[in-house]
Amino acid sequence: MLSTVEAAKRIGVSKSTLLRWLDEGLVEDVERDWRGWRVWCSDDVERVKDFREAYHSKPIRRTRRSPLPRTEFARAVAQSMGSFARGYVPGPGVGM
């Protein structure tokens, strides 16, 4: 039986990455002991290793959005601020 830190080392990822995968539901959670701590067996480690290989098998295409022209940016900001202002209700003593 392994702790989460030991399992992460064997899988080849950080503990944070492993916990994020568990929280996001990408990897099925494992059994817990009487304290509520996760207890990893070798089958769990192999299952997550297989997931890691599949998850990283294809390169992720990264695209960068082109910057907006100033006029379009200003219009988008004005719309956003307008929608915010419509829902704003000042509290007592605000705007005096």
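The values are calculated or read from the model by the stated rules, or taken from the named source; none is laboratory data. Being a predicted model, the structure only gives us computed values, none of them experimental. Virtual Cβ from ideal backbone geometry, glycine too; neighbours counted across all protein chains shown.
Here are the numbers for this structure:
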{"item": "Region 21-49, subset farther than 12 Å from residue 4 by Cα, free of Cβ contacts under 8 Å to residues at least 12 places away in the same chain and under 20 Å from the mean Cα position of the chain (by Cα), residue surrounded by the most Cβ atoms within 10 Å (Cβ to Cβ)", "result": "23"}
{"item": "Test: residue in region 73-80 that is exposed (fewer than 10 other Cβ atoms within 10 Å of the Cβ) and either more than 30 Å from residue 1 (Cβ to Cβ) or at pLDDT 75 or above (or both)", "result": "no"}
{"item": "Members of region 18-47 that are over 14 Å from residue 8 (Cα atoms) and assigned to a loop (DSSP other than H, G, I, E, B)", "result": "24, 25, 26, 28, 31, 33, 34, 35, 36, 37"}
{"item": "Count of residues meeting criterion [of a type in the set (D, E, K, R), within 14 Å of residue 51 (Cα to Cα) and in contact with a helix residue (DSSP H, G or I) (Cβ under 8 Å, 6 or more places away or on another chain)] in region 7-39", "result": "3"}
